[in-house]
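Here the structure is laid out as structure tokens; the discussion comes afterwards.
The values are calculated or read from the model by the stated rules, or taken from the named source; none is laboratory data. In this text, all values refer to a predicted model and were calculated from it rather than measured experimentally. Don't worry about glycine lacking a Cβ; one is built from the backbone with ideal geometry, like all the others, and counts go over all protein chains shown. Accessible surface areas use protein heavy atoms only, side chains included; no ligands, DNA or RNA. Shrake-Rupley method; radii C 1.70, N 1.55, O 1.52, S 1.80 Å.
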Amino acid sequence: MKPSNLAGAHILATGSAVPDICISNETLSSIVNTSDEWISNRTGIKTRRILPANQSIIDIATRASCQALNKADLNPEELDLIILATSTPNDLFGSASQLQASIKATNAAAFDITAACSGFVISLITASQFLNSGSYKNILVVGADILSRWVDWSDRSSCILFGDGAGAAILQSNINNDILGFQINTNGLDANQLSIASKASEEIVCNPAKLKFMHSHYDYLRMNGKEVYKFAVSRVPESIRQCLKDVNLLSNDISWLILHQANQRILNAVADKLDIPKNKIISNIQSYGNTSAASIPIALHEAFDAGKIMNGDIIAIAGFGAGLTWATVIIKWH
Ligand code: ACO
């Protein structure tokens with residue numbers, strides 16, 4: 001543990017990585033009964049990236065992390081903590097330790113956070129608490145998911161939405177506190193609207209004691225799209241509004257709106273409800289689809305890299321998805 005007396009959480013640098021394999025809507029139309037027109041009109045998605053079989057989540061998480069470390073001019077050994085937001089780990093016990101080994105962050109503690117598409121925002125908030133308490137100095141937060149390995153490629157209502165990717169941010173203790181306010185919400189009563197549920201499938205009987213054990217495996221991703229859509233367009237604006245109120249800001253103080261990239265119609269509806277003009281929405285959904293925990297850090301990184309985000313900008317960031325979970329963070333960019 002490297003205690004720090006600078007209690008602010010500053011976003012020092014960002015990074016992102018997506019696989020090279022690009023699948024268009026036209027290609028998907030040869031797999032399931034769909035069309036470019038339907039997918040484009042209903043979701044805004046044109047292409048998505050898919051991780052090849054010989055690569056793992058650690059490969060793209062490593063690429064995104066190394067890019068952020070390079071931009072921050074930070075040695076991996078200077079990291080005190082790694083938080084990996086993922087719902088598609090390599091290992092049910094967690095994948096953050098594999099990422100720690102891969103980037104040679106030998107001094108960092110590492111753990112996973114599982115919160116689907118809210119995972120990166122919840123991880124960012126968690127990291128800021130370690131910085132605000134003065135416990136740590138440098139924290140790597142990564143959002144990475146490879147849902148292509150968990151969707152049912154014969155289910156046109158879900159497989160057209162998802163893609164693979166990773167995004168990273170380095171947070172450092174600083175006199176400036178970039179994270180002005182946050183909110184995390186959960187509604188477990190609707191958990192069944194979107195899940196990758198565990199199924200006890202195989203009964204193993206051990207003789208001679210005749211004990212019965214179950215072996216588990218995981219089902220495909222299952223989603224009630226309509227219900228998740230309604231949840232997102234009602235809960236996310238509420239959460240952003242509450243967060244803004246808590247930090248004495250108004251909708252028109254927002255320079256950029258970065259939402260989980262689930263559906264362009266959701267991004268537009270949330271912006272409309274908050275009276276935020278469309279040119280303030282950061283969107284890359286057309287290129288990558290829904291990359292779950294990776295979507296927000298990829299969008300943040302690309303917007304920053306493109307020179308859109310300037311010193312002093314107020315950014316409202318909100319993730320939402322399985323759980324059901326939703327979380328907002330208001331950032332002042334330094
Ligand atoms: N191609 C063509 N037709 C389709 C397709 C497809 N890919 N998928 C569904 N349809 C059909 C349906 O069968 C239906 O036909 P019918 O009217 O004859 O019954 C019709 O299109 C309309 O289907 P809906 O489900 O009503 O379509 P909707 O406009 O709701 O769009 C979508 C579906 C895109 C899934 C939308 O509901 C959505 O985006 N939901 C939110 C998803 C989301 O935000 N997830 C975020 C979290 S992800 C996470 O946490 C991991």
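Key figures
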{"quantity": "Residues listed by number, the stretch 235-272, amide nitrogen under 20 Å from Met310 label point at 7 Å toward C-beta", "calculated": "250-258"}
{"quantity": "Spatial separation of Cα centroids for the stretch 1-66 and the stretch 93-133, in angstrom", "calculated": "18"}
{"quantity": "Label point distance in nm, Ile204-Asn33, each placed 7 Å from Cα along Cα→Cβ", "calculated": "4.1"}
{"quantity": "Relative contact order (percent, whole number), the chain, Cα cutoff 8 Å, 6+ residue spacing", "calculated": "25"}
{"quantity": "Charge dipole magnitude, Cβ of K and R +1, D and E -1 - the chain, Cα centre, debye nearest 20", "calculated": "420"}
{"quantity": "Unsatisfied cross-links (Cα-Cα over 27 Å) in the set Lys137/Lys245; Lys137/Lys280; Lys245/Lys332", "calculated": "Lys137/Lys245; Lys137/Lys280"}
{"quantity": "Under the Karplus curve 6.51 cos²θ - 1.76 cosθ + 1.60, θ = phi - 60°, whole-Hz ³J(HN,Hα) for the stretch 43-56, x wherever Gly or Pro sits", "calculated": "10, x, 7, 10, 9, 8, 9, 10, 6, x, 4, 8, 10, 10"}
{"quantity": "Pairwise label distance in nanometres, His334 with Lys230, each label 7 Å out on the Cα-Cβ vector", "calculated": "4.4"}
{"quantity": "Computed FRET value (nearest 0.05) for Asn70 with Trp153, which takes r as the C-beta separation and R₀ as 45 Å", "calculated": "0.80"}
{"quantity": "Charged-residue dipole, Cβ positions (Lys, Arg, Asp, Glu), the stretch 211-327 about Cα centre, Debye nearest 20", "calculated": "400"}
{"quantity": "Surface share of carbon and sulfur [accessible, 1.4 angstrom probe, percent] for the chain", "calculated": "50"}
{"quantity": "Selected from Ser154, Ser287, Ser40 as most flexible by GNM, with the chain as the system and alpha-carbon contacts under 10 Å", "calculated": "Ser154"}
{"quantity": "Sum of -39500 (n - 2.57) over DSSP H runs of 4+, divided by residues of the chain (222 nm, nearest 500)", "calculated": "-9000 deg cm²/dmol"}
{"quantity": "GNM result for the chain, Cα springs below 10 Å: residue of Gly134, Gly143, Gly289 fluctuating most strongly", "calculated": "Gly134"}
{"quantity": "For the chain, accessible area per residue (1.4 Å probe, heavy atoms of protein chains only), Å²", "calculated": "43"}
{"quantity": "Distance from the stretch 282-299 to the stretch 154-201 (C-alpha centre basis), Å", "calculated": "12"}
{"quantity": "Anisotropy class of the chain from Cα gyration tensor, a/c 1.5 cut", "calculated": "oblate"}
{"quantity": "Within the chain, percent of DSSP bridges classed antiparallel, to nearest 5", "calculated": "75"}
{"quantity": "Among Ile196, Ile57, Ile285, residue whose mean-square fluctuation peaks in a GNM of the chain (springs only between Cα atoms under 10 Å)", "calculated": "Ile196"}
{"quantity": "Tensor-based shape of the stretch 255-334 (alpha-carbon gyration tensor, a/c under 1.5 rounded, otherwise prolate or oblate)", "calculated": "rounded"}
{"quantity": "Cross-link pairs Lys226/Lys273; Lys46/Lys278; Lys199/Lys230 - those with Cα-Cα distance over 21 Å", "calculated": "Lys199/Lys230"}
{"quantity": "5 angstrom amide H check on Ile21, placed H, neighbours 5+ away", "calculated": "Ile50"}
{"quantity": "Relative contact order (%) - the stretch 8-177, alpha-carbon pairs under 8 angstrom, separation at least six", "calculated": "36"}
{"quantity": "Prolate/oblate/rounded call for the stretch 84-144, Cα gyration tensor, a/c under 1.5 rounded", "calculated": "oblate"}
